[in-house]
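Accompanying notes for the structure given below.
Coordinate-derived values only; no laboratory data. Nothing here was measured: the structure is a model prediction, and the numbers come from that model. Here the Cβ positions follow ideal geometry from the backbone for every residue, glycine too, while neighbour counts run over all protein chains shown.
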């Protein structure tokens, strides 16, 4: 069975949005891992009585006040939370578009 130009176009769009969704899911997982790491670090800082801690910057460990590192970690976590919300909104739009394309494709093929 030969596909029409419309069917080919819809299939290409469907594949594009499937790839977009896969990319979004990978990015979300990366963000989740980063947030989990930050939360673990914050818990360790909370449990520690040290006034100064070491932070890895590139290939160097630097001694910094624990409160300063805690603040930096909280800011990073906040930034990642915002990024995650943005990715979730984009994911919703891509999923909607995929459903729409699947319905169009069923209509054209079926």
Would you kindly state how much longer the chain becomes between residue 43 and residue 27 on full extension, computed as 0.36 nm times their sequence separation minus their alpha carbon distance, in nm to one decimal? 3.3 nm
Residues 53, 108, sorted so that the one with the fewest Cβ neighbours within 10 Å comes first: 108, 53
Hey, with R₀ at 22 Å, roughly what FRET efficiency would residue 102 and residue 82 work out to, going by the Cβ-Cβ distance, to 0.05? 0.10
Helix 5-47 sits off the longest principal axis of the Cα atoms of the chain, rounded to the nearest 10 on a 0 to 90 degree scale, by 10 degrees
With each run of n ≥ 4 DSSP H residues scored as -39500 (n - 2.57), what mean residue ellipticity at 222 nm is computed for the chain after dividing by its residue count and rounding to the nearest 500 deg cm²/dmol? -29500 deg cm²/dmol
Using the Cα atoms of the range 31-93, I'd like the radius of gyration and the largest Cα-Cα distance, Dmax, both in angstrom. 14.1, 46
Structure-derived Cα Rg over 2.2 N^0.38 Å - corresponding label in (1) 1.28; (2) 1.71; (3) 1.91: (2)
Considering the zone a paramagnetic label at residue 66 would reach in this model (a point 7 Å from Cα along the Cα-to-Cβ line), which residues of the range 30-52 have amide N under 12 Å from it? 42-52
Arranged by the count of other C-beta atoms within 10 angstrom, fewest first, what order do 31, 62, 56 take? 56, 62, 31
